[in-house]
Amino acid sequence: MPIETAGFGFLNLLTVGLGVKMFLILFLIFYIIFAFVLYRQVLTMCMKLPTLLSPHLKFVSVINIGIAVAVLFLILGLF
């Protein structure tokens, strides 16, 4: 059996582009989870300490989640 086919054939499938795509997708999934945690914290803060700024903070946290999901779909569509 030649050494070229000795068991590392799966490494030929890994490319730099695939590695970058996998990193970006994993990063964005974790960022979306972080955005949801941030949203829950904003909701909790707004219930415990209501101010005039509370609706704006809720809006910004929802926009943050929306942008994170949109970027994830953009990355999935580009690759």
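Quick grid of which residues meet (1) of a type in the set (A, V, I, L, M); (2) in a helix (DSSP H, G or I); (3) under 20 Å from the mean Cα position of the chain (by Cα); (4) surrounded by 10 or more Cβ atoms within 10 Å (Cβ to Cβ):
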{"site": "Q41", "(1), (2), (3), (4)": "no, yes, yes, yes"}
{"site": "M47", "(1), (2), (3), (4)": "yes, yes, no, no"}
{"site": "L52", "(1), (2), (3), (4)": "yes, no, no, no"}
{"site": "H56", "(1), (2), (3), (4)": "no, yes, no, yes"}
{"site": "V62", "(1), (2), (3), (4)": "yes, yes, yes, yes"}
{"site": "G66", "(1), (2), (3), (4)": "no, yes, yes, yes"}
{"site": "L76", "(1), (2), (3), (4)": "yes, yes, yes, yes"}
| What pairs come up if the first residue lies in the stretch 41-54 and is of a type in the set (V, I, T), the second is not in a loop (DSSP other than H, G, I, E, B), and their beta carbons are under 7 Å apart, counting only those six or more places apart or on different chains? | V42/L57; V42/K58; V42/S61
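Every number in this text was worked out from the coordinates using simple rules, so none of it is lab data. In this text the structure is predicted, and so the values were computed from the model without any measurement. Positions of Cβ are generated from backbone atoms using ideal geometry, with glycine treated the same way; all protein chains shown enter the neighbour counts.
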